[in-house]
Amino acid sequence: MELFSELMQRRALVAAALLFALGAGLIGQTALEHLAPQGAQPGPTEATTEFIDDTFAEDSLDQEASERTATPTSAAFIVAYVSGAVRAPDVYQLPVGARVKDLVLAAGGLSDDADIERINLAAPIADGQHVRVPWIGDTTIVAAATTGESGAGAGSGGLLDLNRATAAELDALPGIGKVLAGRIVEWREREGPFQSVDDLGKVEGIGPALLAKLAPLVTVAP
């Protein structure tokens, strides 16, 4: 009887030990799940950092868009012709608001024998204007060199009128020179007034290429 009672006590102890171990295992598993949860969410510091990064990126994009909007897509220019006592007479492109001085500088500056007292370097330049810088001792009237003044051959918009231009004014055109200038005057006296700018092509020595270069600079007044 005593042996049976002792066996029953041992069984009870073993069962209690098993229940304790099982309970401890369940508690440990639950604790681990709380300590290392799946799909961990970012903490306050990580969320703040992400918000700052996103805000900085949006500000940078807004700034770039603003700079692109503020940058002009194209600039305004005028085209003017300078001849006479400059180092490189030709047609030049200048920004709107340019002065005679800017055109002279674009042409390499004044030549050594330029008569600077007869030209207004501060005069504004208009699109299509012809500015002629006189030489010292040159008696030709300066065309479009000062505001409100024009030469004998100056037409509308500062263009040189083929029917009124002197040989000296024609000589100042790019690619003309004294020989061709004389031929133009002779043709005009022989054939009569030019009816159109294209009539220049009838003058000996003026081919299609030179005519195309001269066409924007001359006119035929009615």
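Listed values, structure above:
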item	result
Test result for Val203, over 39 Å from the mean Cα position of the chain (by Cα) and within 28 Å of Arg87 (Cβ to Cβ)	yes
Residue that is surrounded by the fewest Cβ atoms within 10 Å (Cβ to Cβ), among those in segment 92-130 that are of a type in the set (Val, Ile, Thr) and modelled with pLDDT of 90 or more	Val96
Candidate set from segment 184-205 (those that are in contact (Cβ under 8 Å) with a residue 12 or more places away in the chain and part of a loop (DSSP other than H, G, I, E, B)); member that is farthest from Val131 (Cα to Cα)	Glu204
Residue in segment 206-216 that is farthest from the chain's Cα centre (by Cα), counting only those that are assigned to a helix (DSSP H, G or I) and without any contact (Cβ under 8 Å) to a residue 12 or more places away in the chain	Pro208
The lone exception for Ser66 - which of (1) hydroxyl-bearing (Ser, Thr, Tyr); (2) modelled with pLDDT under 90; (3) part of a strand (DSSP E or B) it fails	(3)
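The values are calculated or read from the model by the stated rules, or taken from the named source; none is laboratory data. Since the structure is predicted, the reported quantities are computational estimates derived from the model, not experimental observations. Counting neighbours? That spans all protein chains shown, and the Cβs are built from the backbone with ideal geometry, glycine included.
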